[in-house]
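Chemist: Structure incoming, see below.
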Amino acid sequence: MKTKKILVVDDNQDDLMFTTKAFRKLNFNEELMVANDGVEALEYLFGNNGNSGCAPEGLPSLVLLDLKMPKINGLDVLRKIRAVEKTKHGPVVMFTSSNEEQDIIASRKLGANKFIQKPLNIYDFNKIIAQIIHCFNLQPNSTNVDI
């Protein structure tokens with residue numbers, strides 16, 4: 001069985017900690033990769049200056065992408081993901097503190113699969129990460145649920 005990878009892109013260290021702890025608490029035993037900003041995410045996916053990057057078989061099964069980041073924001077990362085053949089069909093969840101209507105609309109127009117506002121406490125982080133794992137079939141025997 002192919003290893004499922006998740007790329008978590010977030011510049012907020014507390015949110016990264018909550019997110020990665022939630023995946024571990026839910027026994028997500030697949031590969032969890034972290035990018036601290038949009039630049040790191042694009043370098044992982046496409047390499048420096050768009051050269052190389054990870055091979056198609058190394059692409060994540062899901063990108064969990066923050067919206068408001070320095071250097072390159074989440075919308076620009078999403079735009080690049082959807083513009084490149086090897087990544088344009090991969091699932092991307094915008095996972096952000098924003099609940100602004102324009103951010104939701106822009107994310108959907110650019111092809112985000114889901115837009116989820118980050119919760120305020122660890123219990124809700126665990127609940128939402130569990131729903132994401134099931135929704136995108138990221139563990140054996142998981143079933144689809146709407147989030």
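All of the numbers you see were taken from the coordinates with simple rules; none came from a lab. The structure presented is a predicted model; accordingly, all values stated were derived computationally and were not measured. Methodologically, a virtual Cβ is constructed for each residue, glycine included, from the backbone with ideal geometry; neighbour enumeration extends over all protein chains shown.
Chemist: Taking the number of other C-beta atoms within 10 Å as the exposure measure, put Met17, Met94 in order starting with the fewest.
Modeler: Fewest-to-most Cβ neighbours within 10 Å comes out as Met17, Met94.
Chemist: With the cut-off at 19 Å, tell me which of the pairs Lys80/Lys109; Lys21/Lys80; Lys5/Lys88; Lys21/Lys86; Lys68/Lys118 have Cα atoms farther apart than that.
Modeler: Beyond 19 Å between Cα atoms: Lys21/Lys80; Lys21/Lys86.
Chemist: Please compute the contact order of region 5-135 in relative form: average sequence separation of alpha-carbon pairs under 8 Å and at least six residues apart, divided by the residue count, as a percent. If you can, show how the numbers build up before the last one.
Modeler: Details: 195 pairs, mean separation 33.4, N = 131.
The normalised contact order for region 5-135 reaches 26 percent.
Chemist: Now for a separate question. Between Lys127 and Ala55, with labels modelled 7 Å along Cα→Cβ, what's the label distance in nm to one decimal, could you check?
Modeler: Here the answer is 4.2 nm between the modelled labels.
Chemist: What are the equivalent ellipsoid semi-axes of region 59-145, built from the alpha-carbon gyration tensor (square roots of five times its eigenvalues), in whole angstrom, biggest first?
Modeler: Values: eigenvalues 87, 64, 22 Å².
Ellipsoid half-lengths, sorted descending, are 21, 18, 10 Å.
Chemist: Report Rg/Rh for the chain, rounded to two decimals, where Rg is the Cα radius of gyration and Rh the Kirkwood radius. Walk me through the intermediate numbers first.
Modeler: Numbers: Rg = 14.2 Å, Rh = 15.3 Å.
Here Rg/Rh amounts to 0.93.
Chemist: Scan around Leu62 for amide H atoms under 5 Å from its own, H built in the peptide plane at 1.01 Å from N, and keep only partners 5 or more places away or cross-chain.
Modeler: The answer is Lys5, Leu7.
Chemist: May I ask for the longest run of the chain untouched by GluC sites (Glu not before Pro) that are loop-located per DSSP and have at most 13 neighbouring C-beta atoms (other than their own) within 10 Å?
Modeler: Working: sites that count: Glu85, Glu100.
Counting at most 13 other Cβ atoms within 10 Å as exposed, the longest clean stretch of the chain is 1-84.
Chemist: Shifting gears a bit: If amide hydrogens are placed 1.01 Å from N in the peptide plane, which non-local residues have theirs closer than 5 Å to the one on Asp37?
Modeler: Those qualifying (amide H under 5 Å, at least 5 residues apart or on another chain) are Asp10.
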